[in-house]
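Structure, as structure tokens:
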Amino acid sequence: MTQQRISRRAFLRTTGDVARGSCIALTLPMILAACNRATEARLNGEDFQTLSEEEAREFDAIAARIIPSDGTPGATEAGVIYFIDNVLGDGREEQHATLQEGLRQLQTAAVMNYDTAYFYLLEPSQQDQLLTDIEKSEFFTSIRYLTVAGMFSLPEYGGNRDNLGFDLIGFEDRHAWQPPFGHYDKDYAETGE
Amino acid sequence: MAQALSASFPTREAVDFVIVGSGAAGGIIAKELSTASFSVVLLEQGPYLQAADFKHDEWGYEHNSDLMWGAHHGHPQTFRRSESDTAKLVEFALGYAHNVGGSSVHFSGNFWRLREIDFIEASVRGPIAGTNFVDWPISYDELEPYYTKVDWEIGVSGLQGSWDPPRSRDYPCPPMPVKSPGVLLERAAKKLGYTAYPAPVAILSQPYNGRPACIHCGFCNGYGCEVNAKSSSMVSMIPLALASGNCELRTACTVFRIDTNQAGRATEVVYWEADGTEQAQRANAVVLCANGAETPRLLFLSESDRFPDGLGNSSGMVGKNLMFNGWCQVAGLFDEPVNAFKSIPATRVVHDFYTLDENLGFYGGGGIDSRHPFGGLPMATASSGGLFGGPSWGSEYKQNLQQEFSHTAAFEGHTTSLPLASNNVTLDPDLKDKWGRPALRTTYMDHPDDMATMNYFMQRSLELMDAAGAIQKVGFYGEEGSDWAVHLLGTCRMGNDPGTSVVDKFNRSHDVPNLFMCDGSSMVTSGRGQPTMTIMALAFRAADNIIAAAGRGEI
């Protein structure tokens, strides 16, 4: 593990704490803005292990259409791109190559359709159109899979920062639960059937 | 060097028994033989993980194969539909945990016994052309004392009732608290005139044998228990084996051959330590408990002039009759929080369809239990997002995820698989694993009756889901055929006829008198899913008979 990587982690942790610590005082749009600024800083200033900076920007932009930052934090705020960077470097060279090839084709489509060299520079509606066109491709399936995995894996893998993914679906990673677990077993316990 | 635990035996002196594999069967046989004062070396290819090592790590366990290993870890497998196809590389087709305790560590804990009919079904139902569907050489009555022994030795929770096959003793622990999917199944079953009963599970509902009760964390299936409440052989049997002073557990040891002598007897088990050092442990007898994939693979790898088709394979049945159990699922969306991600996988079972009416025109049977559609797992849920027809990415997808995670229940069918010669485990002719051993090659296509049974159970589950009041529902089963499994059954089937079976009714090889095979491979028919209870009962029974045979000087 390089020093650079550790400092990136430390940076992530710090920005995460700031965002989390401010939850009470900040309104949701302000949290999102803070998250976006942190992400922007990361994308500009931090090296990736496996991805080139261009790949990181592009894959982050795709992930942001799969799990968008709308009313609630999305893939970008959860740091999905760092998860992707980590796991592609963990013996998944073949998958990385598939993604690189798919990205080249996507960028070609961006040029042909919108005269723009990079996917991340397109308008969200344009991005959605291009992704809809390749929805069934191995490339999209792979990037969607990695986005979902990065959103909902343990934060130690680089994504799901501050459990944003878990919070999104109402999952609480607790050590223990006690009955009642849900509405229907509570009702069952009360009514006896 | 392999890590030596407890007793320590020199490799060049024969111990009484070498046991290959420390899983559901191996752990039990190691405990039984060592506490009966036999010297035992227990070889396990994985590590000895402890409760504190296990995490709620969906990426690591489910997607990175941290416990199950796979191509990514240097253990590739191949899969094909039929003999005429070239098998393709897969992460794994036959899944099992590589650790002390084997798959009993990461299994769901569902613990169905077989029933009387399972052992005699071929003669009751009549033969089915083109299949190897036959009766077992033992009856339910012969296995019942061992089912009960499993209940009490490892710790099982359940409720005795009319739904049970005959049992000689009550469960040691009361049933687990019902979850919302269980309530929904029970209410639906009642409406339709069926019976949903508390699922028997190898998970402790109260402290037992020095182990604590389940804390309902929700990570059973695919995960190791973090408090030792799941009754794996690792926590219930291995400690007793080691404490006997007669059992040496060697982890990170990969067995690749059983050597035999001119007399046709097994003499030693050859393996690699973690660093590749070759070792051979001499033994008076060998017990293979490596599972329904690895046991036949080892027999094939142990071929010799005397055993040209693989050790113990004069019948030609080694590796054949692979059975996965069929599976189907119906997911339903409900108005109120179901929160099926909490606690154990299944708390209610319907067994009204155990044996399907012959007039349906196909053979089959099974059970339906109540779960979360995606094991209660966030990543799995999100991967399948859009389950009820919504988009699979974008804002609407994201919005739907919360409902799909917390407001869903699933009714799952677990069903029969017919034994077929064409469904099998063989050695891949081209692909090697990281040790240079031929990779496991699986050839599998469900019998048409198996498919019809899955469909039948899906239809019944859809009706149950309606009766449960689901506001949306969706059902599916593998219409194109199963292409992976964790139930690895039938590949060294037991039987009385050496011409058509691999082991006898006491799990002894028909061909090699001091070689025993006991794991999922021993099963003659598939049961209705949840085979671990039967594997464990067979292990206790095999151990009893091995001890008796040894006492008579007959090994």
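Annotations
- Unit charges on C-beta of K, R, D, E only; dipole of the protein assembly as shown, Debye: 1280
- Karplus (6.51, -1.76, 1.60) ³J(HN,Hα), θ = phi - 60°, over segment B:94-107, in Hz, Gly and Pro reported as x: 10, x, 7, 7, 9, 6, 4, x, x, 6, 5, 7, 10, 6
- Here B:K179 is the anchor, and the lysines within straight C-alpha reach of less than 27 Å, apart from those fewer than 8 places off in the same chain, are A:K186, B:K55, B:K190, B:K191, B:K230, B:K342, B:K398, B:K473.
- With N as its number of residues, segment B:48-202 has a Cα radius of gyration that, divided by 2.2 N^0.38 Å, comes to 1.34.
- Segment B:394-416 versus segment B:34-105: alpha-carbon centroid distance in Å: 28
- Centroid-to-centroid separation of segment A:113-132 and segment B:498-555 [C-alpha atoms, Å]: 63
- In chain B, a dipole from Cβ-located charges (positive for Lys and Arg, negative for Asp and Glu) runs towards its positive end, and of B:N99, B:S233, B:S139 it is B:S233 whose Cα lies farthest in that direction.
- Share of pairwise Cα separations in the protein assembly as shown, more than 51 Å, in percent: 15
- The mean number of partner chain beta-carbon atoms within 10 angstrom of a residue's beta-carbon across peptide A:162-173 is 5.
- Computed over segment A:51-173, the convex hull of the alpha-carbon atoms projects to a mean area of 7.3 nm².
- For chain B, the normalised intensity computed at q = 0.07, 0.08, 0.09 Å⁻¹ comes to -0.37, -0.48, -0.62 (log10 of I(q)/I(0), Debye sum over alpha carbons, equal scatterers, no solvent).
- For segment B:344-489, convex hull of alpha carbons as volume per residue, Å³: 166
- Segment B:314-359 versus segment B:127-146: alpha-carbon centroid distance in Å: 20
- On the principal axes of its alpha-carbon atoms, segment B:28-115 has extents of 49, 34, 32 Å, going from largest to smallest.
- Within segment A:99-183, the GluC sites (Glu not before Pro) that combine a DSSP coil assignment with at most 15 other C-beta atoms in a 10 angstrom radius are A:E135, A:E172.
- Counting only other chain Cβ atoms within 10 Å of each residue's Cβ, the peptide B:172-185 averages 4.
- Per-selection metrics, segment B:304-344 (Cα): Rg and Dmax in Å: 23.0, 67
- Sparse-neighbour loop sites [trypsin sites (Lys or Arg not before Pro); segment A:117-186; at most 11 other C-beta within 10 Å; DSSP]: A:K136
- Highest average first, the peptides B:50-57, B:326-333 ordered by how many other beta carbon atoms sit within 10 Å of their residues are B:326-333, B:50-57.
- Dipole axis of segment B:228-383 (+1 Lys, Arg; -1 Asp, Glu on Cβ), positive-most option in B:L377, B:F307, B:A243: B:A243
- Per residue of peptide B:399-412, the mean number of Cβ atoms on other chains within 10 Å of the residue Cβ is 3.
- Student exercise, chain B dipole from Lys, Arg, Asp, Glu Cβ charges, in Debye to nearest 20: 640
- Computed from Cα atoms, the angle from the helix B:24-35 axis to the main principal axis of chain B rounds to 40 degrees.
- Isotropic mean projected area of the C-alpha convex hull, segment B:113-267 (nm²): 15.1
- Relative to the longest principal axis of the Cα atoms of chain B, the long axis of helix B:140-150 lies at roughly 90 degrees.
- What you get for segment B:270-397, charging only the Cβ of Lys and Arg (+1) and of Asp and Glu (-1), is a dipole of about 160 debye around the Cα centre.
- Mean Cα-pair separation over length for chain B, i.e. relative contact order, pairs under 8 Å, 6 or more apart, %: 23
- With Cα atoms, 0 to 90° folded angle of helix B:116-125 axis to chain B main axis: 90
- Of the residues A:L154, A:F140, A:P73, the one whose Cα sits farthest toward the positive end of the charge dipole of segment A:51-173, with +1 on the Cβ of Lys and Arg and -1 on the Cβ of Asp and Glu, is A:F140.
Throughout, read-outs are computed from the coordinates displayed, never taken from laboratory work. Quantities reported herein were computed from a predicted structural model and do not represent experimental measurements. Neighbour counts are summed over all protein chains in view; Cβ atoms, including those assigned to glycine, are modelled from backbone coordinates with ideal geometry.
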